[in-house]
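The values are calculated or read from the model by the stated rules, or taken from the named source; none is laboratory data. Bear in mind that the values here come from a model prediction, so they are computed numbers and not experimental data. Don't worry about glycine lacking a Cβ; one is built from the backbone with ideal geometry, like all the others, and counts go over all protein chains shown.
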Amino acid sequence: MKLTIAFLFFFECAYAQIDFSKEWAAIEHEYVDGNDSVKEISSFLLEDYDFSSILQYDYPSYDQQLSLPMNGIFGIRNEKIEIFFSEVNRSKNPREYEVKGKSNLKGTICNFSGKITLNKAVIYNKNKEVEYQRIVVIGTYNLKEDRSQKGSGIFKGGLKLVLFPTQRMDSQKISFNLGADVEEGAIKGFVGTWKGYGKENLKKCIFGFYRFPYEYAPHFDLGAGEQVIHLKYAKTWFDYSEKEWEAIYHRVRKDKDLDSIPNKDPYIYLFYDKYGIHTGEPTFRKKGKDKWYLKK
């Protein structure tokens, strides 16, 4: 039995796909309504609009400069990782942004700095009313943790922003409705890998604010745009005591919402506040959570 388990673990590590950045960065035409227009607007939008606030601050209150860590999944065990951008500044190249911040994996905190590059922007349904339009921005990121710190490495991958304009793109002012929802599962999503310094193996790392791009993690997706997490991961994700966890576990198992889930698999809906947990909204975060990202 031990040999079988070891073999399966090796098989998963050796052959399971780890890097989904190319799939995530692919611009698909799912937002197009019928035969309406799709147009690239990279030279217009990426040259003229400063994305610093959108990249750094949280939705929908980025204009209030509210900044919280983004949640994500790390490695084949889907461990929780938190990524915090403390600074995002546009560089001389208008499509590049210098980034500083911190990562937190199981209490191991590392400082990082690096670059985000925005490569392409596309508008869907350009000829329709503005409420039907969507803009997708594609880019890459390379964030290097401080080599002197324990457990440090490099985050690399693809970035996708899904944005909703508040007026037509032919107007002089550009602004977005950042409180809008999106079926795809992420308005600001990072999909890629992490590699430790001096190590050979890549580890999956997917993160984002509010709705991270969980389509590449089956235990975080029911296939219908729902924010969920399987109970087998939830305890470590939210760091509950045994007593707290037992109470939550039994409440979830008795929850009538489970009736709508295939095979009644024990998932927690992360956008509900009744269990006191949430992936992003600050009012739903666990009370008393250590604000590690604000410490110097």
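Let me confirm something: among 181, 221, 170, which residue is touching an Asp or Glu at 6+ places or on another chain (Cβ under 6 Å), of a type outside the set (Gly, Ala, Ser) and modelled with pLDDT under 65?
After ruling out the rest, the residue left standing is 221.
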Residue ranges of helices (runs of 4 or more DSSP H) in the range 1-48 with at least 3 members modelled with pLDDT of 50 or more: 21-25, 42-48
Failed item in (1) at pLDDT 90 or above; (2) not in a loop (DSSP other than H, G, I, E, B), with residue 215 passing the rest: (1)
